[in-house]
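Okay, structure first, notes after.
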Amino acid sequence: MGDVLFAFAVNAKPETIHRALTTAEGVAGFWTDDANVPAEVGKTLTLRFPDAPAAFDLVLTQSDDDVISWRTKSFPPPWVGTDIRWEISGGDNASTVAFRHGTFADETE
């Protein structure tokens, strides 16, 4: 499978987007409200979903003002070991987020 890539505009400051990706409250606002979100690189982010049989674990590999990156530890099988990267750019109340989910091991649907 090729990388999943997309970019989107957000009517928010980059700092607001950064908090949405690096705090439990932020992740709850767009993904799941059952999240353990570490601040320290090398620690594991754990996400739980009501209908999922197990938690999704991602290691925080980078967290700075412009880039948040996770490496999947436990996720649906073809996604284990893949990288999820968020690049944030912008200014006052307008930002762009570039999302990439990549480094898939083999071809899957």
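The values are calculated or read from the model by the stated rules, or taken from the named source; none is laboratory data. Just so you know, these numbers come straight off a predicted model, no measurement behind them. Every residue, glycine as well, gets a Cβ built from its backbone with ideal geometry; the counts of neighbours run over all protein chains shown.
Listed values, structure above:
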quantity: Selection from the range 80-94 of residues that are in contact with a Gly (Cβ under 8 Å, 6 or more places away or on another chain) and part of a strand (DSSP E or B); calculated: Asp83, Arg85
quantity: Residues satisfying the stated conditions in the range 88-106, i.e. among the aliphatic types (A, V, I, L, M) and farther than 22 Å from Ser69 by Cβ; calculated: Ala94
quantity: Residue pairs meeting the criteria (Cβ under 7 Å; at least 6 apart or on separate chains; first touching a residue at least 12 places away in the same chain (Cβ under 8 Å) and closer than 10 Å to Gly2 by Cα, in the range 94-105; second surrounded by 14 or more Cβ atoms within 10 Å (Cβ to Cβ) and of a type outside the set (S, T, N, Q)); calculated: His101/Ile84; Gly102/Asp83; Thr103/Asp83; Phe104/Met1; Phe104/Pro78
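To keep it simple, each residue is scored yes or no on (1) touching an Asp or Glu at 6+ places or on another chain (Cβ under 7 Å); (2) β-branched (Val, Ile, Thr); (3) modelled with pLDDT under 90.
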site: Phe49; (1), (2), (3): no, no, no
site: Gln62; (1), (2), (3): no, no, no
site: Pro77; (1), (2), (3): no, no, yes
site: Ile84; (1), (2), (3): no, yes, no
site: Phe99; (1), (2), (3): no, no, no
